[in-house]
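Some notes on the structure that comes next.
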Amino acid sequence: MFTLQEKYNQLITRPKDTAKPAWGGKPAAPGSQESPLTTDLVKLILTEAVTNRASDIHIEPGKNLIRVRFRIDGKLYIVLDMAENQEIHLLARIKILANIPTDSVSSRKSWDARFSMVLLGQEYDFRISTFPVLMGEKMAIRILNKNASQVDLKKIGLRPQPYALLEQIIQRKSGLLIVSGPTGGGKTTTLYSILKHLNSPTVNIVTLENPVEYHIDGLNQCDINKKVSEDFTSALRATLRQDPDIILIGEVRDSESAEIALRASITGHFVLTSIHANSAIGTVMRLANMGIERHIIAYALAGAIYQHLVPRICEKCRTPYVVPREKFLSLCAQFGIPAHLFMESASPADKDALHLSHVSKTDEAPKEEAITFYKGAGCEICKGSGYLGMIGIFEIVQFTEDVREAIASNAPSAEIEALAVKKGFQSLSIDAMEKVKSGLIHFDDIYHILLEKQR
Ligand SMILES: [Zn+2]
């Protein structure tokens, strides 16, 4: 499946005298951090990672062994096991590229740094994080493809209805749009594609990020990490004096930054940010728990997105399989999914029963109809994994007048959700099931997400 191990074996057994530095400079002494073997190995690992669409590289010390793993489409794969070799200084070489000290004292600290490199004609940013562990030092490398910041809003995986809802939200001149979801759930891609959608010479977009992941032309991006002289709150205040129309605040972490973000959004700015919450409507509770008054939340919020990233089934080897009707109905009942939405031939009586998720009533429903799910069988294109890329699953709520009134009057989340449903809100489970039914994702990959969301 992966060829890195094979290529590595060829690399370490090549005759020493033919080994030349990859950049064509002066040959370095064998065994040094700049030795051709080490520099070629670093280039080989990075190239293999990008050609395999890896999002992260893990370099982990073991007993007399260094292991390299790639994260591809959300899953980790072992790609290389290297026996100890005095001629290879893998971590040291990467640290030099990222300007991290390589002495032994420094290797007992954790470091964050980055570097860029052109591989196969494309420029990539690598974000390095080192971490001292029992067996030595572990390194994690996040790969940022500069083209990823160019993701079109139409291509992040929104179905027509949620897309239309989001378009209405982001057309506003003021208000707050909050994106939530787990780490690695695609929040940054969503925020960047919204900014890209709104970017034009007639608006001033200012961002406050930690760190700036992608540079986008036309945006005024501030890396909060590099602003040593100011804390987050004063940087945020300075942003407001920059005559902005649209402000991106990487993440709202405390009540003080939340309050400034909300105040900016009710004084004629459209503000985008992310927060830790476990549903779109849960954003309201999260802000309330930060001590923001409900009427201010109600007044400020324009919309909220909650999302996860799920591996996308490889189209080349996508294979249908039948799920018995009974099994499908019980899954829908378990996750509160209105099954009638996914069963074309259900009778009206059947539909009523299913809508209420009364499993007992489904006994009366016709039994013959089976449901089709899909999975990837594995092929050459997806290297046998059955997956190719990732796709978002979303829930988007627009805070319309009646939803705001409900928030201001302290209504429980269920009541707020019921009102939002009337205005087009669809839960994450419905969006996920739509994508399962249309063969974009595999049910097994959303099962635990749905299970966790119910808690
Ligand atoms: Zn395939």
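The values are calculated or read from the model by the stated rules, or taken from the named source; none is laboratory data. Bear in mind that the values here come from a model prediction, so they are computed numbers and not experimental data. Note that each Cβ is placed from the backbone with ideal geometry, even for glycine, and that neighbours are counted across all protein chains shown.
Please specify each residue of region 320-332 satisfying the condition of being over 13 Å from Phe443 (Cα atoms) and either within 16 Å of the ligand (Cβ to nearest atom) or acidic (Asp, Glu) (or both).
Glu326 - this is the single residue of region 320-332 that is over 13 Å from Phe443 (Cα atoms) and either within 16 Å of the ligand (Cβ to nearest atom) or acidic (Asp, Glu) (or both).
Yes or no: Asn204 more than 22 Å from the chain's Cα centre (by Cα), over 18 Å from Ala300 (Cβ atoms) and touching a residue at least 40 places away in the same chain (Cβ under 8 Å)?
yes
Go through region 94-123 residue by residue and tally those that are more than 29 Å from the chain's Cα centre (by Cα) and under 24 Å from Leu44 (Cβ atoms).
Residues meeting the conditions: 2.
Could you go through region 293-308 and let me know if any residue there is modelled with pLDDT under 95 and more than 30 Å from Gly268 (Cα to Cα).
There is no residue in region 293-308 that is modelled with pLDDT under 95 and more than 30 Å from Gly268 (Cα to Cα).
Given the options Ile430, Ile381, Ile396, Ile407, name the one that is more than 16 Å from the ligand (Cβ to nearest atom), at pLDDT 85 or above and not assigned by TED's automatic domain parsing to the domain that holds Val179.
Going through Ile430, Ile381, Ile396, Ile407 in turn, the sole match is Ile430.
Report whether or not Leu176 is assigned to a loop (DSSP other than H, G, I, E, B) and modelled with pLDDT of 95 or more.
no
Does region 165-176 contain any residue that is touching an Asp or Glu at 6+ places or on another chain (Cβ under 8 Å) and exposed (fewer than 15 other Cβ atoms within 10 Å of the Cβ)?
Yes, region 165-176 contains a residue that is touching an Asp or Glu at 6+ places or on another chain (Cβ under 8 Å) and exposed (fewer than 15 other Cβ atoms within 10 Å of the Cβ).
Looking only at strands (runs of 3 or more DSSP E) that lie completely in region 58-163, which have at least 1 residues being on the phi > 0 side of the Ramachandran plot and either surrounded by 12 or more Cβ atoms within 10 Å (Cβ to Cβ) or not hydrophobic (A, V, I, L, M, F, W, C) (or both)?
136-145
For a quick check of your reading: which helices (runs of 4 or more DSSP H) sit entirely within region 200-295 and have at least 2 residues that are in the same structural domain as Asn410 (by TED's automatic domain parsing) and under 30 Å from Leu428 (Cα atoms)?
255-265, 282-289
Picking from Ala406, Ala414, which residue would you name as being small (Gly, Ala, Ser), farther than 21 Å from Phe342 by Cα and buried (at least 20 other Cβ atoms within 10 Å of the Cβ)?
Exactly one residue qualifies, and that residue is Ala406.
Within region 88-124, which residues are among the charged types (D, E, K, R) and within 23 Å of Phe2 (Cβ to Cβ)?
Arg93
Just to be sure I understand, how many residues within region 412-455 are assigned to a loop (DSSP other than H, G, I, E, B) and under 30 Å from Cys314 (Cβ atoms)?
Total meeting the criteria: 8.
Of a type outside the set (A, V, I, L, M) and touching a residue at least 24 places away in the same chain (Cβ under 8 Å): is that true of Glu401 in this structure?
Here the answer is no, as Glu401 does not meet what is asked.
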